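Notes follow once the structure below has been shown.
The values are calculated or read from the model by the stated rules, or taken from the named source; none is laboratory data. Computed from a predicted structure; not experimentally measured. Glycine gets a Cβ as well: all are built from the backbone with ideal geometry, and neighbour counts include every protein chain shown. Heads up: the accessible areas ignore ligands, DNA and RNA and are worked out on the full protein's heavy atoms, side chains in. Shrake-Rupley method; radii C 1.70, N 1.55, O 1.52, S 1.80 Å.
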Amino acid sequence: MLPEFLTIKTVYLIMHVFGAILGAGGAFASDAMFFKTIKDGVIDSVELSFMKLGSKLVWTGVFVLVVSGLLLFSTDPSGYLASPKFMVKVTIVAIIILNGTIFHLVHMPHISRHLDIKFNESPTFLKRSSFLMASGAVSMVSWISTVILGMLRQVPYSYLEIINVYLAIVAFAICVSLLTKKRMLNLI
């Protein structure tokens, strides 16, 4: 039995915020650890273990976010389906999950195979580094966008208007990440 001041929707919302904190916090921490560790142009096993820990935080956050999101949705399905903001958040969370899956299944094993190897001495790392940087850009923009959308009470724009702004920001972030790749990965 919940106290009078606490509704079931509030409980779901608290879970949802906690999931966002874990997911976004894990993503920001992982990215910060990644950029800190690559300053010397090499990733060692300790640095990789910290990146994997950050990844676990992100996946835990995503799980809590999705479960609590489904529970919130169950409180007013027609209202949520009519909300462009909600539909954009669902789309972006799907992108976060897809990007995270690619990062976990493609990028992490690739990084693991390059432990203690200078990035600029590995043709395969150099070849795939653009995808790694683009994935990081998608992750950061997506988490920030989801958190901002979640904080806004309402968004007076259509699904297409919101998603187009998001996609433009993602494209810009990818371009910036690719333009700064050599410097960030210490390849120069």
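Here are a few things to note about the model shown:
- Under 18 Å between alpha carbons - lysine pairs in the range 66-188 that sit 8 or more apart or on different chains: 5
- Amide H contacts of Ile43 (H built 1.01 Å from N, under 5 Å, at least 5 apart or other chain): Asp116, Ile117
- On Cα atoms only, tilt of 45-75 relative to the major axis of the chain in degrees: 20
- Using θ = phi - 60° and Karplus 6.51 cos²θ - 1.76 cosθ + 1.60, couplings along the range 131-143 (whole Hz; Gly, Pro as x): 5, 5, 5, 4, 4, x, 5, 4, 4, 4, 4, 5, 5
- Summing charges over all other residues whose Cβ lies under 12 Å from the Cβ of Leu126, with Lys and Arg as +1 and Asp and Glu as -1, gives +4.
- A helix-only calculation puts the chain at -26000 deg cm²/dmol for mean residue ellipticity at 222 nm, using -39500 (n - 2.57) for each DSSP H run of at least four residues, averaged over all residues.
- Accessible-area composition of the chain, carbon plus sulfur, in percent [1.4 Å probe]: 73
- Other residues whose C-beta falls under 15 angstrom from the C-beta of Ile117 contribute a net charge of -1, scoring Lys and Arg +1 and Asp and Glu -1.
- For Thr91, neighbours were defined as the other residues whose beta-carbon sits under 14 Å from its Cβ, and their charges (Lys and Arg +1, Asp and Glu -1) total +1.
- ³J(HN,Hα) computed for each position of the range 150-164 - Karplus, 6.51 cos²θ - 1.76 cosθ + 1.60, integer Hz, glycine/proline x: x, 7, 7, 5, 9, 10, x, 10, 6, 3, 5, 5, 5, 5, 5
- Backbone phi angles across the range 79-92, fed through the Karplus curve with coefficients 6.51, -1.76 and 1.60 (θ = phi - 60°), yield HN-Hα couplings of x, 5, 5, 7, 9, x, 4, 4, 5, 5, 4, 4, 4, 5 Hz in residue order; Gly and Pro are listed as x.
- Within the assembled protein chains, the solvent-accessible surface assigned to His110 is about 10 Å², based on a 1.4 Å probe.
- Heavy-atom accessible surface of the range 39-188, averaged per residue, reaches 57 Å², computed with a 1.4 Å probe.
- Of the options [x] 27; [y] 21; [z] 11, only one is percent of Cα pairs over 30 Å apart as computed from these coordinates, and that is [x].
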